[in-house]
Amino acid sequence: MRTQPRIVVLGGGTGSFTLLQSLKQLSSHLTAIVNMSDDGGSTGVLRDELGVLPPGDVRQCLVALSDTPAVRDLFSYRFSEGRFRGQSLGNIILSGLELQYGSFEDAIRIASELLNVQGQVVPVTLQKHILMLRDGRKVIQGESHISNHAIEHPTHRLWLEPEAHINPQAKAAILEADLVVIAPGNFYSSLLPICTVEGVAAVIQETTAQVVSVTNLVNKHGQTNGWHVVDYVRQLENRLGAGAIDVVLYNDQPISDDLLKKYAAEGEFPVEINPLPFSNVQARAVGAPLVAEDIILQDPADTAIRRTLIRHDAARVCLELQKILVEDAAVRNAKRSKVLSSHP
């Protein structure tokens, strides 16, 4: 393994933002591959009115990797009143750059220079699309509507319309990685959309990196009710292929009663961790205390979307990922040998 591992984080929004802030202390060879299905909140307004690609999750990842506090704060600023109430200044800047230069890639490049980003932020696809869900006879259109939809049928289907293909830059980053981390996040509106992009499953199967899924702390009411850690692995592998997940990292620490009460009021409870189901998946299960002790308060100007209060302790997650890199070096080398032998 290189002195500094090449790490790729798949996700979008708060989950990736939280992990990236600590992972940049572990390696400067960081790539955040970002979900591009977002159509809610500040992002949704810009996408609808200007026809731009969704900037919100990209902006969060850029801010997480920034080493310039003043500019980072500028990109994080939200207007609290007037016609721009709830709008993120960083989202507006990214959309303006895309319109000015005719390229979202150029917009990210220029914003990365302004923010002095350590690593790179890469959209999983550069093709405009809409996230779709069929649930029985119902068809739900758009990430923001799907996020709020209570799924009723076990045979539901998620897809992108039109079909979107993996960004070559994202593909290259995954193939060159030592570690691929699937960040926690909204499962149906953030994580599965990335896995649904054409070409993502194939490159995850091809990479010699260790693929680690960091499981959510809390199940989402109406979508992942009663899920065990193993259910998350199974659903990811339904998209990515059997055995795609090498390690699943999950929280085994009790969550405070005060926080649980806030979530229980909306029907949301911690992900199940009883040991028996772990034998049903190939992935190595690693449990650790991963809950942040501080309660995260939502920006009062951020009124369009409800943000999570229970967050992962990014430093603890980073420590566990370091251990996985060391402990699973032999597994990673075996994967590389297998790939080399299949490409004489």
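Any read-out appearing in this document is the output of simple, stated calculations on the displayed coordinates, not a laboratory observation. All of these numbers come straight from a predicted model, not from anything done at the bench. Positions of Cβ are generated from backbone atoms using ideal geometry, with glycine treated the same way; all protein chains shown enter the neighbour counts.
Odds and ends about this structure:
- Among the GluC sites (Glu not before Pro) in segment 222-270, those placed in a DSSP loop whose Cβ has at most 15 other Cβ atoms within 10 Å are Glu266.
- Once the C-beta distance of Val139 and Gln4 is scaled by a Förster radius of 56 Å, the resulting FRET efficiency is 0.75 to the nearest 0.05.
- Summary of the geometry: segment 123-193 and segment 1-51, compared by the centres of their Cα atoms, lie 14 Å apart.
- Residue list for segment 22-59, given a label point 7 angstrom along the Cα-to-Cβ vector of Gln322 and an amide N cut-off under 11 Å: 23, 25-27
- Relative contact order (percent, whole number), the chain, Cα cutoff 8 Å, 6+ residue spacing: 18
- With 28 Å as the limit on Cα-Cα distance, the pairs of Lys24/Lys323; Lys24/Lys262; Lys128/Lys261; Lys24/Lys171 that go past it are Lys24/Lys262; Lys128/Lys261.
- In sequence order, calculated HN-Hα J values of segment 168-176 (Karplus, 6.51, -1.76, 1.60; Hz; x Gly/Pro): x, 5, 5, 4, 4, 5, 5, 5, 8
- In terms of overall dimensions, the C-alpha atoms belonging to segment 73-144 reach 47, 32, 24 Å along their principal axes, ordered largest to smallest.
- Against the rule of thumb 2.2 N^0.38 Å, how large the Cα Rg of segment 1-160 comes out: 1.10
- A full extension of the chain between Glu152 and Glu272 corresponds to an added length of 41.2 nm, given 0.36 nm per residue minus the alpha carbon distance.
- Across segment 209-255, Cα-Cα pairs more than 13 Å apart make up 58 percent of the total.
- Under a model in which nothing but the beta-carbon of Lys, Arg (+1) and Asp, Glu (-1) is charged, segment 7-342 shows a dipole of about 360 debye around its Cα centre.
- Label point at Glu163 placed 7 Å out along Cα→Cβ; residues across segment 202-216 whose backbone nitrogen lies under 14 Å: 202
- The GluC sites (Glu not before Pro) of segment 102-185 that DSSP puts in a loop, and whose beta carbon has at most 13 other beta carbons within 10 Å, are Glu152, Glu163.
- Dimensions of the chain along the principal axes, based on C-alpha atoms and rounded to the nearest Å, stand at 56, 47, 42, largest first.
- Our compactness index for segment 148-222, the C-alpha radius of gyration over the empirical 2.2 N^0.38 Å, is 1.23.
- Segment 1-68: trypsin sites (Lys or Arg not before Pro) falling in loop per DSSP and having at most 14 other Cβ within 10 Å: Arg2
- Each of Leu94, Ala107, Cys61 was scored by the projection of its Cα onto the charge dipole of segment 1-155, and the greatest displacement toward the positive side belongs to Cys61; charges sit on the C-beta of Lys, Arg, Asp and Glu.
- Entry note, the chain: the mean residue ellipticity at 222 nm calculated from DSSP H runs of n ≥ 4, each adding -39500 (n - 2.57), is -12000 deg cm²/dmol after division by the residues and rounding to the nearest 500.
- When each of Thr68, Thr155 is scored by the number of other beta-carbon atoms lying within 10 Å, the sequence from fewest to most is Thr155, Thr68.
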